Each structure stands twice: as structure tokens, then as C-alpha cells.
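Participant: The structure under discussion is supplied below as C-alpha cells; questions concerning it will follow.
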Amino acid sequence: MPEVSTQSLAVPVPGGVLELSWAAVTDTGRRREVNQDAMFAAYPLFVVADGMGGHVGGEIASASAIERLRAVADSGTVTPKTIEKALARAVKDIASHPEATDDGTGTTVTGVFLDTSGDAAHWVTLNIGDSRVYLVRDGAIVQITTDHSVVQELVAAGRLSPEEAESHPYGNVITRAVGPSEGVTPDYVRLDALDGDRFVICSDGLTKELTDYGIRHFLEENADAGDAASAMLEAALENGGRDNITIIVLDVGRPADADSSPTED
């Protein structure tokens, strides 16, 4: 298994400081020959892309999306507008690549970024496809993103139960992707930035092998982001590793002295 290291950064935000710690890992899994996942994890943007397409098309699509988003993060201005411009450029990259001409070529793009432009810091999740963002807050795990998939549409319409969805034959069929024939406007969800929050951003290679309860279990067992990511990857591989697996664990806290203010005599 790949080694996973945890990075930390103290980030000034309106009203104080946030201490961010994160770790990221990707693995080909046990059934695939090529890893078509890609990821970027550096403040203020944490994102996963799961490519699809014949030959090397999926690998090209996910890499194109991540490289364009990396440039946005490096510029220091991450907003829905800059993200959508980057994804539009990625679509052009994919369409013009000689080895990514398959009609099914595309990629999911899912992640979070920290918005410090207002009176208080907020996380913003973004999503196209069926990779996911989970949030663990106050001991409960919640899937923040909604899958863009045939199965999710059937569940939403009441035609399929969540349990039936787990083994449905159309489980891999997504309804939105970043690709030559698709739009590039993600769904966004805005969240307060709270001390103690833990995010998991992952491709479906993880969620095919671990339930939401399993993800929460490994987070509870491992306080360090890198240890949590490693434990989830190991479990996913042991459970079959049927797809490429990519995991980002992001922890939000405040430095020990951030909440203490000087007292007046």
C-alpha cells in the first residue's frame, strides 16, 4: 500500500484561525490495470476526479480536470466562477486530445474548498458525477453531495430502495460528467466551518467496498487524517478493491490557544 502522510496548516479566517489537517491517497485497486482516478489536496481546494472512457480516455479526462483545478488553487481565487471556467478548459483539453475521442470519455469532479471572503469562513462542496463528499459532525456521518447517477434517480423517484441500489446492475452509470458532450456546472452546497468537522472526499471505489457506517468507524478509530485514510484504503482492498480507490480525509480544528482571549485587569 502507498504511504500516506498528514499535512497541516493554520489558516487565518474571519474571527480567528482554523487548523486544517489532511491526507490523500489513491490506489489502482485489485481488479483494474490502470488508475483512472486523480486528486488534488492543498489549501484551499480538496478534490477527487474519477475518469471514465475506453483505452486511456478516463485517465486523460481526470488528469485534465485536476490540472485545470490545480491552476485555480495556485491562483489563490477559488470560487464557483473560477471552478467552472477551469472545468470548461478541461472539457476542451479532453476533446482535443487524440487519445480521448471515445464518446464515453469524461470524469467526475467532487470536492470542497474554503471560502474566507465573507464575515465567516464557509466550506463549499462541489460535485459532478458520483464521487462523494461526506461530513462527520457531532458523531453523525452525512453524505453532503448527491450522486448524479441512474440509480440515485431511481431512489429519488421511490422506485428503488437504498439497499437495492447497492447491487443494481446500473450502479456504474452516471448521468453527469465533465467531458466533451457534457456541461460543467457542479452542484454546490455551502456549510459552516466548525471546529471538529471531518470531511471524506472519495471516488466510488471506496463506497463500493465500505458503507457509510464503515467510513465513520475508521474515522472514529483514527484521529490522524493519514491513519484514517490508510485504514479505509486497506479495508476497501480487503473487501475486494473492485475499482480504483481515492480518499482525502480533511480535519477542521482550532489551535489550542485560538479560543482564549486576553483578560483585562
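The values are calculated or read from the model by the stated rules, or taken from the named source; none is laboratory data. All figures in this text were calculated on a predicted structure; none of them were measured in a lab. Note that we place each Cβ from the backbone using ideal geometry, even for glycine, and neighbour counts take in every protein chain shown. Areas reflect the complete protein model, heavy atoms only, side chains present, ligands, DNA and RNA absent. Shrake-Rupley method; radii C 1.70, N 1.55, O 1.52, S 1.80 Å.
Participant: Taking all protein chains as present, what is the carbon and sulfur share of the accessible area of the chain, in % to the nearest whole number, probe 1.4 Å? Please list the in-between numbers first.
Facilitator: Details: 5760 of 12480 Å².
Percent of accessible area from carbon and sulfur atoms in the chain: 46.
Participant: Could you sort K85, K92, K208 by accessible area so the largest value comes first, with the probe set to 1.4 Å? Let's see the in-between values first.
Facilitator: On the way: K85 105, K92 145, K208 60 Å².
Ranked from most to least accessible, the order is K92, K85, K208.
Participant: Further question on the same structure: Of the GluC sites (Glu not before Pro) in region 82-171, which ones lie in a loop per DSSP and count no more than 14 other C-beta atoms within 10 Å? Before the final figure, lay out each step's value.
Facilitator: Numbers: sites: E84, E99, E153, E163, E164, E166; in loops: E99, E166.
For GluC sites (Glu not before Pro) across region 82-171 that sit outside H, G, I, E and B with at most 14 neighbouring Cβ atoms in 10 Å, the list reads E99, E166.
Participant: Need one number for region 147-247: average projected area of the convex hull over its C-alpha atoms, nm². Show your work: numbers first, answer last.
Facilitator: Working: hull surface 32.9 nm².
Averaged projected area of region 147-247's Cα convex hull equals 8.2 nm².
Participant: Now a separate question. List the aspartates and glutamates whose alpha-carbon lies under 17 Å from that of K208, not counting same-chain residues fewer than 8 positions away?
Facilitator: Leaving aside aspartates and glutamates fewer than 8 places away in the same chain, those within reach of K208 are D27, D37, D50, D130, D147, E163, E164, E166, E234, E238, D243.
Participant: Per the Debye formula with a single identical scatterer at each Cα and no solvent contribution, what log10 I(q)/I(0) holds for region 93-137 at q = 0.29 Å⁻¹?
Facilitator: Ignoring solvent entirely, the Cα scatterers give -1.03.
Participant: Kindly provide log₁₀ I(q)/I(0) values, in the same order as q = 0.14, 0.15, 0.17, 0.20 Å⁻¹, from the Debye equation applied to equal alpha-carbon scatterers of region 93-225.
Facilitator: Per q value, in the given order, log10 I(q)/I(0) is -0.75, -0.84, -1.02, -1.23.
Participant: Given contacts defined as C-alpha pairs under 8 Å and at least six residues apart, what's the relative contact order of the chain, whole-number percent? Walk me through the numbers before you get to the answer.
Facilitator: Working: 610 pairs, mean separation 68.0, N = 265.
Value for the chain: 26 percent.
Participant: When the chain is treated as a GNM, springs tying every alpha-carbon pair under 10 Å, which of L154, L18, L219 comes out with the largest mean-square fluctuation?
Facilitator: Residue with maximal mean-square fluctuation among L154, L18, L219: L154.
Participant: Which order do the peptides 229-242, 66-79 take when ranked by the mean count of other beta-carbon atoms within 10 Å per residue, highest first?
Facilitator: Numbers: 229-242: 19.3, 66-79: 16.7.
Ranked by mean Cβ neighbours within 10 Å, highest first: 229-242, 66-79.
Participant: Let me ask something else. With N denoting the number of residues in the chain, provide Rg(C-alpha) divided by 2.2 N^0.38 Å, to two decimal places.
Facilitator: Working: Rg = 18.4 Å, N = 265, 2.2 N^0.38 = 18.3 Å.
Ratio of Rg to 2.2 N^0.38 Å for the chain: 1.00.
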